[in-house]
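Please read the structure below before turning to the comments.
Coordinate-derived values only; no laboratory data. It should be emphasised that the depicted structure is a prediction, and the values quoted were computed from it without experimental measurement. A quick note on method: Cβ atoms are made from the backbone with ideal geometry, for glycine too, and the neighbour counts reach across all protein chains shown.
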């Protein structure tokens, strides 16, 4: 998998600008094009009314959005990058997946406040909706990162075989980018607890199956013990100085499938590491 076209959904907020800046850096690093999309979200009734009311209002908001686009995209870091812009009246975030398919998008980059309970751990509700529907990887950015680079990645999962597709997509992408991948399993002190031997066997079986029995030389699975999955991931990412956390997600449940337990808001506010999700 190569990164050739990047979709950046924006609402012209500060966090959207964070995502755009990171997307621009990726575009420069890998020679990619950007497609920046704004969703109007107008009701169908606006289009069903006559010209003097609903349609006039819809066209007014479309003009406003296009004007804001010109201001939003007036950034020095976008110079030299091929940038297309799109304003559509999408209302539900699952429609972004259709855009990604039609536009041959390889990666979606979104900004997020990351403190929403609905998101479960890292992301706000709108970003969570995109993750649930997107077939392509989604990169979530929480803060301004002017020197974004991916050198160390933690890929965290439970090493069940259902993660095979997400794992293979993630490792293929990261190896192409020359990134070091850390495979992580978090062992919990409850009914999910496993002995060291059980975990090592599970990891080994997973890698054996997904690699057709071939040796894996550059990926060493690691197990950490902690009270929650989130805290175990957080501490290990800090330990290896990770630039990015990658996780598999189910479409229906999004990130909440993997992160079954919630972090307190004060902890979540300190987790500002970029997150990339891969659909199972």
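Numbers for the structure displayed
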{"read-out": "Residue list for the stretch 132-153, given a label point 7 angstrom along the Cα-to-Cβ vector of residue 88 and an amide N cut-off under 15 Å", "value": "133-136"}
{"read-out": "Packing-based ranking, highest mean first, of 226-235, 143-152 given that Cβ atoms within 10 Å are counted", "value": "226-235, 143-152"}
{"read-out": "Extended-chain gain in nm, criterion 0.36 nm per residue less alpha-carbon gap, residue 227 and residue 211", "value": "2.6 nm"}
{"read-out": "Inter-label distance, nm, simple model (7 Å from Cα along the C-beta direction), residue 272/residue 62", "value": "3.9"}
